[in-house]
């Protein structure tokens with residue numbers, strides 16, 4: 001019972017941040033800001049659900065195998081996600097996508113655009 | 001192209017075999033032998049791509065524990081703070097965003113150090129590393145970071161605000 005509540009709290013945290021990320025993707029003004037919001041989903045959104053899942057699988061189901069697999073999923077997302085978002089953001093910038101509203105500072109444009 | 005070295009092969013083999021065990025989670029002799037053979041084949045081919053410098057750096061206990069301490073204590077706190085900030089911005093209606101790209105200097109010298117810092121920055125919501133540049137005269141590396149809410153435009157202060165804590169933790173592991 002206590003375990004169930006603890007797991008649900010972790011799931012809830014994950015879902016709240018996933019909701020925040022999704023709302024951000026829909027409402028943010030430009031490409032790069034939308035990408036920022038999407039990081040919320042892939043970090044605490046997935047991590048919260050993964051931690052809850054690990055606890056439930058390890059203690060509730062007594063299945064070490066399932067718990068380890070969920071932990072590996074979380075770890076792999078943490079390793080691969082930053083590389084993906086870095087390449088997407090860089091590719092978008094190099095392809096000439098700029099926000100409609102002028103950015104506060106744009107050091108990358110200053111140094112690399114001639 | 002690098003040559004394949006024995007320590008690199010051993011390190012790659014250990015990583016591959018650990019992943020095999022984690023994914024199968026069965027300890028019968030058959031599975032373990034099959035895993036060892038596959039990991040050895042992968043290690044022989046992939047070691048030169050996977051390991052670029054010293055293979056055994058994580059065997060140093062001081063480095064190992066500061067690495068562990070960083071990923072288990074320092075980084076989750078920063079991740080939580082950044083996520084809460086992001087959620088506040090989004091639930092506040094995305095009104096007060098002030099995005100921009102700032103150039104920040106990093107104290108890291110090695111490839112691994114720069115990669116670790118820039119990936120940690122990208123992983124915290126609100127900041128994405130867009131580009132890494134090296135200044136050959138000053139022997140310094142610079143990161144171009146997209147920041148959702150630019151508070152500082154001065155490079156040193158912006159760097160402190162974006163990655164101060166992260167970099168302090170990572171400096172104990174990489175140079």
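The values are calculated or read from the model by the stated rules, or taken from the named source; none is laboratory data. Note that the structure is a prediction, hence the values are computed from the model and not measured. Don't worry about glycine lacking a Cβ; one is built from the backbone with ideal geometry, like all the others, and counts go over all protein chains shown.
For the range B:36-45, the tally of residues that are exposed (fewer than 13 other Cβ atoms within 10 Å of the Cβ) and in contact with a helix residue (DSSP H, G or I) (Cβ under 6 Å, 6 or more places away or on another chain) stands at 0. Out of curiosity, is residue B:140 under 24 Å from residue B:71 (Cβ atoms), more than 8 Å from every other protein chain (Cβ to nearest Cβ) and surrounded by fewer than 16 Cβ atoms within 10 Å (Cβ to Cβ)? Judged against the criteria, residue B:140 is not a match. The set of residues from the range B:6-35 being surrounded by 14 or more Cβ atoms within 10 Å (Cβ to Cβ) and touching a residue at least 12 places away in the same chain (Cβ under 8 Å) comprises B:8, B:9, B:10, B:11, B:12, B:13, B:15, B:16, B:17, B:20, B:21, B:35. Among the residues making up the range B:148-175, those that are free of Cβ contacts under 8 Å to residues at least 60 places away in the same chain, within 11 Å of chain A (Cβ to nearest Cβ) and surrounded by fewer than 22 Cβ atoms within 10 Å (Cβ to Cβ) are B:150, B:151, B:152, B:153, B:154, B:155.
Looking at the structure I just gave you, is residue B:133 surrounded by fewer than 23 Cβ atoms within 10 Å (Cβ to Cβ) and more than 13 Å from chain A (Cβ to nearest Cβ)?
Working: surrounded by fewer than 23 Cβ atoms within 10 Å (Cβ to Cβ): yes; more than 13 Å from chain A (Cβ to nearest Cβ): no.
Spelling it out, it is not the case that residue B:133 is surrounded by fewer than 23 Cβ atoms within 10 Å (Cβ to Cβ) and more than 13 Å from chain A (Cβ to nearest Cβ).
Being under 19 Å from residue A:85 (Cα atoms), within 12 Å of chain A (Cβ to nearest Cβ), at pLDDT 85 or above and more than 15 Å from the chain's Cα centre (by Cα) is true of residue B:145.
Every residue in the range B:46-55 that is surrounded by 13 or more Cβ atoms within 10 Å (Cβ to Cβ) and either in a helix (DSSP H, G or I) or over 19 Å from the mean Cα position of the chain (by Cα) (or both), please. Across the range B:46-55, the qualifying residues are B:46, B:47, B:48, B:50.
Taking the criterion of being within 7 Å of chain A (Cβ to nearest Cβ) and more than 18 Å from residue A:18 (Cα to Cα), the residues of the range B:119-130 that qualify are B:119, B:128, B:129, B:130.
When you scan chain A for helices (runs of 4 or more DSSP H) that lie fully inside it, which ones turn up with 2 or more residues that are at the interface with chain B (Cβ under 9 Å from one of its Cβ atoms)?
Numbers: elements: A:2-27, A:31-40, A:46-55, A:64-94, A:107-112.
In chain A, the matching helices (runs of 4 or more DSSP H) lie at A:2-27, A:31-40, A:64-94, A:107-112.
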